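Read-outs throughout are calculated quantities, based only on the coordinates presented, and are distinct from any laboratory measurement. In this text, all values refer to a predicted model and were calculated from it rather than measured experimentally. Glycine also receives a Cβ, built like all others from the backbone with ideal geometry; neighbour counts cover every protein chain displayed.
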Amino acid sequence: MAHWFNTAGPCVPSDHYMIPASARLPEVSGLVAQKGYFVVHAPRQTGKTTTLVALAQELTAGGWYAALMTSCEPGRAWGDDVGAATRAILARIRDRANVDLPPELRPPPWPEAPDGGLLARALQTWSQACPRPVVLFLDEIDALEGRTLVSVLGQLRAGAGDRPAHFPASVALCGLRDLRDYKTAAGGNANRLGGPSPFNIIVESLRLGNFTLDEVRDLYGQHTADTGQMFTPEAVELAFELTGGQPWLVNALANEIVRKMAVPASAAVTADHVEEAKKRLIQARATHLDSLVDKLYDPRVRAIIEPMIAGLAPATRPNPDDLQYVRDLGLLAPDAPVRPANPIYNEVIVRVLTENVFDYVAEVPGPRAHVLPDGRMDFATATSPAGRAITLLRG
């Protein structure tokens, strides 16, 4: 499911507007039935965690599996200390199981084992004791790097041959990255996916996409059914156009209009309201947008984003893995040509990259400085670095 209106505290008037989880990742149930090990990747705040939690609940409620969504985030702090990181991850698995699973499906006490075999021994013990096949969604797998990531993936690969009686029947690695970038993070060669690699058990890589226009209509329509407040067709279409269906942005626009701008329920939400909400979000640069800004300082990201925004070809051809990495972060549209993921991100990126441009420009041209007396464009000044930056800022 994907909740909305929940970007800044309790929802008004309801926090139960949603898209069914099975509609967002319809392939998961089939992969689980096939005992598949697979990757689910998506940019942050696209509803990935919420969707996978709901899928785990649905699988368990169906009576066939003991399915659990857990996080590898506790292992981050321990770096290359494989034993400490693994114990932190296992503690989180137990905590989540105690909350999300009935007593008969919860794991028994974890057995002792050498640091490099802790995870495999624990999952083997749970799978043998559980009356149903175990299904495990490992969220925030990106939190692990180096030796710890290699160890976790290696143990999953080593145990996979014993599934489902002696090891989880199905495992999903969930995070920002696609399969190739996990190899890079683990210190491996992204071009070699065969051999004894811990990655050769992965049968599929799924990307959780943005909302479609129909899904945005559905979500906003649920608000209408609940409150009577209409979103005009033009408002819904503009919201989709500005956000590209990015779930956090779709939610944030609605939240801004209904809660912060306090458009009364008796008034229809119009395209003008959506446009105003967009401006307010960009100016406020909410947490989600700030997290994107942080990524712009990554050299891999900047080398692709800066020439794109300036309308120039990159100085060198980007590494395909770097391009895919920036797409996986959600900054770029997932398909060709290379372009910002949506108009809101585009404006935020431009503002950030041109933030201090005037500190280095002696004379700032006026609004029509690039227009000749006869009305033609003066391309010599308009295409200078300062001219491009100023045009981007104003346009």
**Asked** Under a point spin-label approximation (7 Å from Cα along Cα-to-Cβ), what is the residue 280-residue 95 distance to one decimal in nm?
**Response** 3.5 nm
**Request:** Report, in whole Å, the centroid distance computed from the Cα atoms of region 296-326 and region 113-164.
**Result:** 36 Å
**Prompt:** Taking amide H positions as placed 1.01 Å from N in the peptide plane, with prolines and chain starts having none, which residues 5 or more places from residue 19, or on another chain, fall under 5 Å of its amide H?
**Reply:** 2
**Message:** Skipping prolines and chain starts, which residues have an amide H placed within reach, meaning under 5 Å, of the one on residue 269, given they are 5 or more residues away or on another chain?
**Reply:** 230, 231, 232
**Item:** Potential extension, residue 112-residue 317 segment - 0.36 nm per residue separation minus Cα distance
**Value:** 68.8 nm
**Prompt:** Taking the Cα-to-Cβ direction at residue 302 and at residue 73 and moving 7 Å from each Cα, how far apart do the two end points lie in nm?
**Reply:** 2.8 nm
**Asked** If you take the square roots of the eigenvalues of the alpha-carbon gyration tensor of region 213-284 and sort them as a ≥ b ≥ c, do you get rounded (a/c under 1.5), prolate (a/b over b/c) or oblate?
**Response** oblate
**Prompt:** Dimensions of region 50-156 along principal axes (Cα, Å, largest first)?
**Reply:** 38, 29, 20
**Fill in**
Per residue, the convex hull enclosing the Cα atoms of region 21-207 spans a volume in Å³ of 104 Å³
**Complete:** Expressed in nanometres to one decimal, the distance between label points 7 Å along Cα→Cβ at residue 128 and residue 290 is 4.9 nm
**Backbone HN-Hα couplings from phi across region 161-172 [Karplus 6.51/-1.76/1.60, Hz, Gly and Pro as x]** = x, 9, 6, x, 6, 10, 6, x, 5, 8, 9, 10
**Asked** To the nearest 0.05, how large is the calculated FRET efficiency for residue 214 and residue 338 if R₀ is 41 Å and r is the Cβ-Cβ distance?
**Response** 0.95
